[in-house]
1. Quick check: anything in the stretch A:390-399 under 30 Å from residue A:86 (Cα atoms) and surrounded by 24 or more Cβ atoms within 10 Å (Cβ to Cβ)?
2. Select from the stretch A:15-33 the residues that are of a type outside the set (Gly, Ala, Ser) and without any contact (Cβ under 8 Å) to a residue 60 or more places away in the chain and write down the one among them that is farthest from the other protein chains (Cβ to nearest Cβ).
3. Yes or no: residue A:223 within 27 Å of residue A:371 (Cβ to Cβ), in contact (Cβ under 8 Å) with a residue 24 or more places away in the chain and away from chain B (no Cβ under 14 Å)?
4. Take residue A:199 and decide whether it is without any contact (Cβ under 8 Å) to a residue 40 or more places away in the chain, more than 14 Å from chain B (Cβ to nearest Cβ), of a type outside the set (A, V, I, L, M, F, W, C) and closer than 20 Å to residue A:85 by Cβ.
5. Kindly indicate whether any position in the stretch B:51-66 is free of Cβ contacts under 8 Å to residues at least 12 places away in the same chain, facing chain A (nearest Cβ under 9 Å) and either more than 22 Å from residue A:152 (Cα to Cα) or buried (at least 21 other Cβ atoms within 10 Å of the Cβ) (or both).
6. What number of residues within the stretch B:59-109 satisfy the criterion of being of a type in the set (Lys, Arg), part of a helix (DSSP H, G or I) and more than 20 Å from residue B:128 (Cβ to Cβ)?
7. Scan the stretch B:67-101 for residues that are away from every other protein chain (no Cβ under 11 Å) and in contact (Cβ under 8 Å) with a residue 40 or more places away in the chain and jot them down.
Amino acid sequence: MSVLLTLAAGEWRFWLRSRLVLAGFIIMACVLAVTSLVTVTRIDAVQKQRLEHQVAAEERFLAQPDRHPHRMVHYGHYAYRAPGPLAIIDPGVDRVTGQSIFLEGHRQNSAMFAETRSGAVLGRFVELTPAVAYQVLAPLLLIILGHSLIIREREAGTLAPLLAQGVRPVAMLGGKALALASVILAMTVPLMLLAVRATLNGESAASAFNLVGAYTLYLLIWGGLILLVSTLARHRGIALGILAAFWVISTIIFPRLAASYASVTYPAAGKIETDLMMARDIREVGDGHDASAPTHDHLREQLLSDYGVARVEDLPVNFRGMVALASEEKLTRLLNQYADDQMLREQQQAALVHRFGWVSPFIALGNASRALAGSDLAGHHRFLREAEALRFSFVQGLNTAHAHDLSYADDANRNRDDAAMQQARVSAENWKVLSDFRFTPSPPEDRLKAATPFLMMLTVWAAGMLAVLGLAAGRLRP
Amino acid sequence: MKTVLEARDLSVERSGKRVLDGVSFSVTEGEVFALLGGNGAGKSTTLLTFLGFLPPVSGLVQVNGKAPAEDIAAARRAIAYLPEAATLYGHLTARENLRYFLSLARMRPQAEPIEAALDQVSLQPDARGRQLSSYSKGMRQKVAIALALLREAPILLLDEPTSGLDPVAIDEFHGLIRLLAGAGRSVLMVTHDVYGACQVAGRIGLLRHGQMVGSFTAPAGGRIETEAVHAAFAGRVPA
């Protein structure tokens, strides 16, 4: 057996004979098993439930009888964001952002304007998932296992005889690193199983592989740091203190500091301010329900001129429907502007937080994980945009039916009596303007592209750690 | 006789402080040389310098005619080092400790020579399968000596080897050292035990504040006189 393997096997023997370490192993195994099972069960249920709700919502919409088309505009529809297969590892912002949007005319994605001053807060610790277990808890077990890797030998006096009988410092560190790496490999087995399951459920193998790779790299960075501190520190207590401090700074302080810094640097307007500003701007656009409002005079003149008639009653299209079409378009443009501003602000905040990955591997991994799993802020924004596209499409489809399939006279007289009300209806066939909506994660290559900066940060961390460890090996003394 | 260890005008510093100052002595093949001195005299530093852990600031240190830094692997292969307090692994048994250390020395540990070495150091057979955390200091020392025997290194560096041992264990230990020297091993032992040094050493060097202040040589077929060494060690008479 080579020196490296002998040293690694020796370390394993020590761990297996230490009650504290065994307890750590058992606790971590239980945490990983439980979080994996609970998250898989929850995400499976959520996926099934949201798909069922989506189908039911579509069926309910299509099952509506002949009606006035504008009633269907307000009947509305729901868009559900079903989590991607890799959400069983990292559900990401799912719990924070909500997962469904009610779509109706003249209103847009109310989730966008929730009381969230900072997009940077998205993705914080909200529940115990495999992602949290690996990002936050696994380093703690590695610290318990590894903080004394070298220091224990020095304190017990066994380092001197080992080096004196020809074990090279590089081999010494290599053997200990191998032992810790084997623990890391064992710890990633549940993660690999989850990734395989995600792949069987339609996830691309590349995304699953990259996700497992990112977590492994993160844990290896921790392993390197632990070995480095154990090599350089003079006492076990000091090593433990340094590593615990780094854990607190990296996983608790920096993420919150980054979020606060981002919120201050790119402040976002709150719900009340946004609602007030929007209400003011919407008034200027005019009410699409009131075709006689002065804001629609220009449209009236334009249509009368285009069709060469003198009265709206003589137009070959329903003027009220045309107002609804034009008004919805103007209103949507305005609402989109607000949505884009909000999303831009959240992206700016997120981009600022992302830079903290250079000083905290926890932040780098969190971002890489959410990007690869398709559960990041960008994925949420894409859902909002797709849902809005669906809303605009079916609302304008209904407004088109309003303009072309219902006469102005029937429309204007619909409140006269029941017969007039019956007359002011269009066929339920028109409800088919509603497209099927199935939200799926973005293509694997897009997700990899989004995760690349964070994977690069982790790679730089790992390379730096390796270089410093090489230098530390040269300084290893009994 | 071939010189296996040599320090010539050796000076060493630790943390900027001079710990050895112009020390000279040599150890020949099959010889037991004791370096005697009080706390802080520079005894352990001398051993660490031969092992190549500390570089000399001036002077010369050689193992088998070569500076350790020239070929650190060869120097360490030639030496079996027993630090103070027989540093072995408490969570391993005697056999496991020996197998582990021998594997790391790139030797193939076999059961038979291990048992023979443990027999040689008189470690009770029923203790050999127990973890060392339950051993007395003397028993640990025996395992450490067994390791040195198995290593088959021609040079032994012993750091305070009898510290904390009871008189019976000390006698057994001295017997083992004589046995090893008789078999051609060279021993450099650092100690503050005047009696023990006189019992086993053919020559004694007296170290004080990093300087060699005296030396004693045993007469042919006899031992160094304890009283003379003790008086010099205590500073009552010039060495």
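1. Within the stretch A:390-399 (the criterion being under 30 Å from residue A:86 (Cα atoms) and surrounded by 24 or more Cβ atoms within 10 Å (Cβ to Cβ)), the answer is yes, since at least one residue qualifies.
2. As a first pass, look at the stretch A:15-33 and keep what is of a type outside the set (Gly, Ala, Ser): A:15-17, A:19-22, A:25-28, A:30-32.
In the following step, the residues that additionally are without any contact (Cβ under 8 Å) to a residue 60 or more places away in the chain were identified as A:16-17, A:19, A:22, A:26, A:30.
Numbers: A:16: 9, A:17: 5, A:19: 11, A:22: 12, A:26: 19, A:30: 25 Å.
If we take residues in the stretch A:15-33 being of a type outside the set (Gly, Ala, Ser) and without any contact (Cβ under 8 Å) to a residue 60 or more places away in the chain, then A:30 is farthest from the other protein chains (Cβ to nearest Cβ).
3. Working: within 27 Å of residue A:371 (Cβ to Cβ): yes; in contact (Cβ under 8 Å) with a residue 24 or more places away in the chain: yes; away from chain B (no Cβ under 14 Å): yes.
Here the answer is yes, as residue A:223 does meet what is asked.
4. So residue A:199 fails the test.
5. no
6. Result for the stretch B:59-109: 2.
7. Those that are away from every other protein chain (no Cβ under 11 Å) and in contact (Cβ under 8 Å) with a residue 40 or more places away in the chain: B:94, B:98.
So that you can scan it fast, the table gives a plain yes or no per residue for (1) touching a Ser or Thr at 6+ places or on another chain (Cβ under 9 Å); (2) of a type in the set (Phe, Trp, Tyr); (3) in contact (Cβ under 8 Å) with a residue 60 or more places away in the chain:
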residue: A:237; (1), (2), (3): no, no, no
residue: A:242; (1), (2), (3): no, no, no
residue: A:246; (1), (2), (3): no, yes, no
residue: A:254; (1), (2), (3): yes, yes, yes
residue: A:258; (1), (2), (3): yes, no, yes
residue: A:276; (1), (2), (3): no, no, no
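The values are calculated or read from the model by the stated rules, or taken from the named source; none is laboratory data. All figures in this text were calculated on a predicted structure; none of them were measured in a lab. Here Cβ is always computed from backbone atoms with ideal geometry, including for glycine, and neighbour counts include all displayed protein chains.
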